[in-house]
1. Show the residue pairs meeting these rules: Cβ distance below 9 Å; 6+ apart or different chains; first residue within the stretch 100-117 and over 12 Å from THR5 (Cα atoms); second residue part of a loop (DSSP other than H, G, I, E, B) and of a type in the set (Lys, Arg).
2. Go through the stretch 518-533 and give me each residue that's open to solvent by less than 20 Å² (accessible area, probe 1.4 Å) and touching an Asp or Glu at 6+ places or on another chain (Cβ under 8 Å).
3. Would you pick out the residues in the stretch 24-38 that are surrounded by 13 or more Cβ atoms within 10 Å (Cβ to Cβ) and of a type outside the set (Val, Ile, Thr)?
4. Could you name every one of the strands (runs of 3 or more DSSP E) located completely within the stretch 39-154 that has at least 2 residues being open to solvent by 30 Å² or more (accessible area, probe 1.4 Å)?
5. If a residue has to be open to solvent by 40 Å² or more (accessible area, probe 1.4 Å) and either at pLDDT 80 or above or farther than 15 Å from PHE578 by Cα (or both) to count, how many in the stretch 608-662 make the cut?
6. Out of the residues in the stretch 244-262 meeting the condition of being within 17 Å of ASN322 (Cα to Cα) and not in a helix (DSSP H, G or I), tell me which one is least open to solvent (accessible area, probe 1.4 Å).
7. Of the residues THR402, THR437, which is part of a loop (DSSP other than H, G, I, E, B) and at pLDDT 90 or above?
Amino acid sequence: MAPFTYAHLENPSSQIRLFELIQTSGRRLKGTVIHVDLDAAHGTYDALSYCWGEQNRRISILVNGHSFYISRNLHAALKNILRQHEFRYGGAGEVPRLVMWIDALCINQDDTEEKNAQVPMMRDIYANGRRTHVWLGPHNIWTALAFREVRMRAAWERERERSRDSQESGIGWWRWRQIHQNRRSSSSHGQAAERQQHSPISQNDYYYDEVAEEQDPTDGFLTRLIAKAPVPIWLATSSVLSRPWFSRSWVVQEMATSKCITMVCGKYHMDWGDMEMAFKSTSTSPNNSNAAGTSIEILIAIRQSFHNADRNRLETLLWSTNTFQTTDPRDRIFSLFGLVSPDRHHESDTASDSSHRTRDMIPDTGVRVDYAASIRDVYIETTIQCLRTSGHVGILAVCLGTRKTKLGDDFPSWVLNPDPSRSDPTGNMSFAWALPTPPSSQGPGADGGWTASGLSSRCEPQLDKENTLLGLQGIIVDTVTDIGLEREGFPAAGGLREIYEHAKTGAQNIKCYMQWRALVGVPTSPAARETSFYRGGTTTGSKTTHQAFLEIMCPRLPTDSPDEAALAEKHWQLSRQFDQFVTSTFQFLENKKSTSKNTKLSKIHAARIVAKSIKVMGEARFGNREDVAQAADFEATDSFSSSRRFLGTENGYIGLGGTHASVGDQVVLFAGSPAPFLIRKAEPKSDAAGGSSVDPISPGRVRYKLICDAYFVDMMAGELWDQDKRETIWLE
């Protein structure tokens, strides 16, 4: 059978293709591709959001009577959606057409010019659809429990909002769940109506509510067993939230612009409004260090911002989605295109030619959607434009640094990381962008937050294109002399292996905590702590080493908001309680020579930590250890010290840096940055003849590699910034 061949779109800047799925009794899917004007097709089709999956194992379908290969994941999504469509309308006579927009089918992926025209339209494509189906993949034994749990959490949040002024609003989540978990819903349609009433953004009654029932008759034995067994709830919910879809770059725009969203995982379905409501409290609480939780919180926050008509800047979106994944690295930038467009809320029955011509450019940056440009050029141009338009160096907090990338060795260290990992620290863990609100063009501190480079300094980047060097004004203020262990982030849960990894990471982090205390020099005796003073900062003796240590464990972000100040104070108190819990529970790690070494935890110490943890958790269950819950609360909301290393400097400062920090790195304050950065002298490059390369512009110019942003006690409020001592620091 001849393969399907795309017919050219007459006007790829205003027309789109749609795919009509045709009901078939056979196993092979088939459908028809049609060309329509985007504005005329408003509200006549559904859109699909999914992960492409492996492309080397594909399945053939029929498109306009010809063979066309799609990924197995897309094939599973289409079969599931078609089955549900037929199930919904099968008893009502003629089944309506199922018309969908699917990127892999509706855009000719081999036509670069067409992609350049169609990608900027994707914001409007998802906004104009009736609904967006989110395909998470096949269900597993955890899915039923996870979806039920999310819906229960959403119901609790709604009940809290309704009874905010009553005594019932004070009932905690776990107590409320215990009371309500055995209640059976009166009807699936009743729940759907309630969700619509309380979800102004996303209203959906398309799918039957399979998860609302206590027991689905098609559930397998293991699913029923897990639903009844006292398994950790986070294990089930994390098994859903850790799926690849939640870290895919394209879903950010797809979720933000869609009117109505349904989450689909195998045979289970859930309205996005439930997901959004369930994680409402965590998305507005202090940052969570769990990677899976953070992804859903980012999606919720960006969607709400878009629907509230807030204007998002490109650098802000790139920072917040810095661990999201794409097949083509350029899509990390292009996928956010529609969210920074100033005319995203403009609707018109007819779009002018001039409006279409501006669709391919990101406003105020000059960055265009161009798949013919190299990945390197796209990332260099985007990074430079973000620095120039914002006057803020926060985007460098998610730079490539000294990491190795599979894309080649010719990427500069200062460029936005083109090859991020899901295990990298998320943007909300960066010190150089830790602000209550997006940074202002007026400089650090204009919107609150730290002001390491003063209140009025502004980034004015210089670019040496020939040598790919970035020049920034700054001051080198210190040198790193001590490095501690990395405090690791907890892996996303998903099975028994992940439970083991959680326990191992927790034990290693206990050792890390005790090592940091030892490196700071915190005395073990309470009396001695009062006379041991921090030697960093401009005022000697202003705080003890113990107080300074607590500040690096819980950096306090300045804010003018009373609510944020209250949250910060609560988190500060939790850090003190956490410190007391760790030092009193794991005393056997204090004053041990092995504690101060940058080595992995020994098996003996790991076993003792796990055994002690099990013991205190048992005591807490019977109400004998209230400090356990407080310690858990701190660890669950601690983000700044997660995936960081302890740093000590030549001048006595202590702080935190990235995992790639090293002894000998220099501490620099860049103009336009709230936080310090670490840089490292670059090794001389050799020319073709084997000699040392000479800088053609300035032979005496010193080059550095950018490593990471950092935090230092008593360096975050401009204490060391001096406008007259600035010099140009060249980064390669």
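1. Close Cβ pairs satisfying both conditions: ALA117/ARG359.
2. none
3. LEU29, LYS30, GLY31, HIS35, ASP37, LEU38
4. Correct list: 58-63, 66-71.
5. Qualifying residue count for the region: 17.
6. My answer is SER249.
7. Just a single option satisfies the conditions, and that option is THR402.
For (1) out of contact with any His (no Cβ under 7 Å at 6 or more places or on another chain); (2) under 19 Å from ARG123 (Cα atoms); (3) open to solvent by 20 Å² or more (accessible area, probe 1.4 Å); (4) assigned to a helix (DSSP H, G or I), each residue gets a yes or a no:
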| site | (1), (2), (3), (4) |
| --- | --- |
| LEU299 | yes, yes, no, yes |
| ARG303 | yes, yes, no, yes |
| PHE306 | yes, yes, no, yes |
| THR316 | yes, yes, no, yes |
| TRP319 | yes, no, yes, yes |
| ASN322 | yes, no, no, no |
| ASP328 | yes, yes, yes, no |
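The values are calculated or read from the model by the stated rules, or taken from the named source; none is laboratory data. Since this is a predicted model, take the numbers as computed values, not measurements. Quick reminder, even Gly has a Cβ in these numbers, built from the backbone with ideal geometry, and neighbours come from all protein chains shown. Note: accessible area is taken over every heavy atom of the protein model, side chains too, but ligands, DNA and RNA are not part of it. Shrake-Rupley method; radii C 1.70, N 1.55, O 1.52, S 1.80 Å.
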